[in-house]
Amino acid sequence: MKWIYWSRLYDSKFQAGCLVQRMEHDSWVFGVDVPQEIEVFRSRRGRYGVRYLP
């Protein structure tokens, strides 16, 4: 499987981490399948993003 990247980069790791928490929480509340793995990564330019395995 390949990583799927969220379409937006964030200035801080905290902002990207909030998106990760929201993805996990939304899947629990709405009954959507939880991705196998979700992680925060750092781009070459120093911004943060979110990627996940479906």
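The values are calculated or read from the model by the stated rules, or taken from the named source; none is laboratory data. Quantities reported herein were computed from a predicted structural model and do not represent experimental measurements. Counting neighbours? That spans all protein chains shown, and the Cβs are built from the backbone with ideal geometry, glycine included. When the accessible area is computed, the model is the full protein with side chains, heavy atoms only, and any ligands, DNA or RNA have been set aside. Shrake-Rupley method; radii C 1.70, N 1.55, O 1.52, S 1.80 Å.
For segment 33-54, the set of residues classified as closer than 12 Å to residue 17 by Cβ and under 8 Å from the mean Cα position of the chain (by Cα) consists of 38, 39, 40, 49, 50, listed by residue number. Scanning segment 26-48 for residues that are open to solvent by 60 Å² or more (accessible area, probe 1.4 Å) and either closer than 22 Å to residue 1 by Cα or modelled with pLDDT of 85 or more (or both) turns up 32, 33, 34, 36, 37, 42, 44, 45, 47.
Within the set 22, 51, the sole residue that is open to solvent by 100 Å² or more (accessible area, probe 1.4 Å), basic (Lys, Arg) and without any contact (Cβ under 8 Å) to a residue 60 or more places away in the chain turns out to be 22.
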